[in-house]
Amino acid sequence: MGCNIFADPNSPPSEEAIRTAIENERQRAITLENQKKALEFQANEKKRLEAHPAYQRYMQGEWQIFQSRKDSAPGDNCVATWRKKGGSVSIVGPGKAYPGGMLIFWSADIPKPSATQTVAVTLKQSKYQPQSVNALNFSVPNIQAGAIALTVPNIDAALKTMLDVEHFIVELGGRAVADIEWTGGLAARAKLSQCVSQR
């Protein structure tokens with residue numbers, strides 16, 4: 001608490017009271033200056049983050065084509081993932097564990113069960129009729145988004161249905177849990193097809 005150096009108007013303030021008041025004001029000034037610097041630092045960091053190419057790609061959306069396992073044989077476990085703020089979708093090719101393909105949606109609105117479970121979902125796409133199908137709902141440690149995976153009988157069929165611009169809505173329990181739109185799908189399809197063809 002600050003010291004009122006003018007408590008008694010008939011007596012001059014003591015040197016200790018003056019020093020205490022000055023120190024209190026100095027501390028307040030330091031606190032205000034530190035708060036100002038912290039706000040300036042946060043604003044500058046935000047500007048640097050927004051200017052970073054990786055952040056811009058994340059906001060605008062980007063494709064990543066890769067093999068999900070380092071020890072994969074050529075053509076196995078090929079993945080094309082579209083990432084954008086709000087969610088992502090992966091087209092996964094065949095591997096030793098599963099000879100078909102998968103379409104996996106990731107979103108913070110998708111439940112994160114402790115164990116994989118089968119759920120009924122409705123998939124809506126740009127140029128196709130809504131489909132009610134069973135899917136796998138799972139989560140991965142240290143990833144904030146939950147996942148819903150739809151199995152595809154073969155990767156070739158999945159590749160043929162890929163559009164350049166595609167909009168997906170996944171509904172679970174009557175509620176949309178993933179709403180994802182990609183661009184550049186044809187270029188991604190060509191790269192994923194090239195990876196898969198090495199089997």
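Per-residue counts of other Cβ atoms within 10 Å, averaged by peptide: what ranking do you get for 74-83, 95-104, highest first?
74-83, 95-104
Order 127-139, 178-190 from most to least packed using the mean count of other Cβ atoms within 10 Å. Walk me through the numbers before you get to the answer.
Details: 127-139: 13.3, 178-190: 17.7.
Packing order, densest peptide first, comes out as 178-190, 127-139.
Quick one: Karplus J couplings for segment 115-132, per residue in order, coefficients 6.51, -1.76, 1.60, θ = phi - 60°, nearest Hz, x for Gly and Pro?
10, 4, 9, 8, 9, 8, 10, 10, 9, 10, 10, 3, 10, 10, 5, x, 10, 9
Using modelled amide H (1.01 Å from N, peptide plane; none on Pro or chain starts), what sits under 5 Å from the amide H of Gly101, excluding residues fewer than 5 places away?
Placed amide hydrogens put Val152, Asn154, Ile155 under 5 Å from Gly101.
Ranking Phe105, Phe41, Phe66 by Cβ neighbours within 10 Å, fewest first, what do you get? Display every interim value, and only then the final one.
Working: Phe105 25, Phe41 10, Phe66 14.
Placing the least packed residue first, the sequence is Phe41, Phe66, Phe105.
Send over the per residue convex hull volume for segment 51-191, Cα only, as a whole number of Å³.
About 126 Å³ per residue, rounded to a whole number.
List every residue whose amide H lies under 5 Å from the amide H of Met162, counting only residues 5 or more places away in sequence or on a different chain, with H placed 1.01 Å from N in the peptide plane.
Placed amide hydrogens put nothing under 5 Å from Met162.
Quick one: if the Förster radius is 35 Å, what FRET efficiency do Asn154 and Gln56 give, using the C-beta to C-beta distance and rounding to 0.05?
Efficiency, rounded to the nearest 0.05: 0.45.
Residue by residue through segment 176-184, what is 3J(HN,Hα) from phi via Karplus (6.51 cos²θ - 1.76 cosθ + 1.60, θ = phi - 60°)? Round to whole Hz and write x for glycine and proline.
Those phi angles translate into 6, 10, 8, 9, 10, 10, 10, 10, x Hz.
Taking the simple approach of a point 7 Å from Cα along Cα-to-Cβ for both Thr161 and Leu39, what is their distance in nm?
So the two model labels end up 5.3 nm from each other.
Every number in this text was worked out from the coordinates using simple rules, so none of it is lab data. Since we're looking at a predicted model, the values are computed, not measured. Heads up, the Cβs are rebuilt from the backbone with ideal geometry, glycines too, and the neighbour counts pull from every protein chain shown.
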